[in-house]
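A short worksheet on the structure shown next.
The values are calculated or read from the model by the stated rules, or taken from the named source; none is laboratory data. What you see is a predicted model; the values in this text were computed from it and never measured. Heads up, the Cβs are rebuilt from the backbone with ideal geometry, glycines too, and the neighbour counts pull from every protein chain shown.
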Amino acid sequence: MLMKKRIYLWVPSENVHKPIISNAILNTKININILKAKIEPQEAFLILELNGDEDKVNEAIEYLSKYGEIEEISKVIKRDEEKCVDCGACITMCPVEAIKMDDDFSVVFDENECIGCKSCVKVCPFKAIEVDDI
Ligand code: SF4
Ligand code: SF4
């Protein structure tokens, strides 16, 4: 069964320069998209999206977990419906298209797509969005 899973990956300094993402792709033949990456000599932090057969996605996660700490991304965003006025300012800020304008011009959030980058939080003039810390 095909599936998509998003994970946070923290890689310690001793593994930062190892080609672990490309090896995970080569070993499992799944697609791995890097949605966010902050690489420093002491540690790397990545947000990855893994697409493929369920067994292979889990295999890739098992492989990656040998080189770093993994957390599967669950719901991280909350919108206060009372404060939100559907102005749409947050839509263009979202790097993964988790915020959209519906046919009736209401703004809708897809919690499953959100990667917790907080870009929308910064632009919301009504402070209607909260994102759990990553
Ligand atoms: S925090 Fe906001 S901008 Fe970032 S991915 Fe989630 S919905 Fe999109
Ligand atoms: S920027 Fe804030 S008020 Fe505007 S649509 Fe987004 S959440 Fe709602």
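Structural remarks
- Candidates 115, 34: the one that is assigned to a loop (DSSP other than H, G, I, E, B) and under 15 Å from the mean Cα position of the chain (by Cα) is 115.
- When each of 59, 97 is tested for being out of contact with any Lys or Arg (no Cβ under 6 Å at 6 or more places or on another chain) and at pLDDT below 95, the lone residue that passes is 97.
- Any chance residue 86 is part of a loop (DSSP other than H, G, I, E, B), over 14 Å from residue 4 (Cα atoms), free of Cβ contacts under 8 Å to residues at least 12 places away in the same chain and not hydrophobic (A, V, I, L, M, F, W, C): no
- Qualifying residue in the range 59-79 (condition: within 16 Å of ligand 2 (Cβ to nearest atom), in a loop (DSSP other than H, G, I, E, B), within 11 Å of the chain's Cα centre (by Cα) and of a type in the set (Val, Ile, Thr)): yes
- Residue satisfying condition, being farther than 23 Å from residue 16 by Cα and crowded, with 17+ Cβ neighbours inside 10 Å, within set 113, 54: 113
- Pairs where the first residue, in the range 95-106, is in the same structural domain as residue 117 (by TED's automatic domain parsing) and the second is charged (D, E, K, R) and part of a loop (DSSP other than H, G, I, E, B), C-beta under 7 Å, 6+ apart: 96/113; 97/113; 98/110; 98/113; 105/86; 106/86
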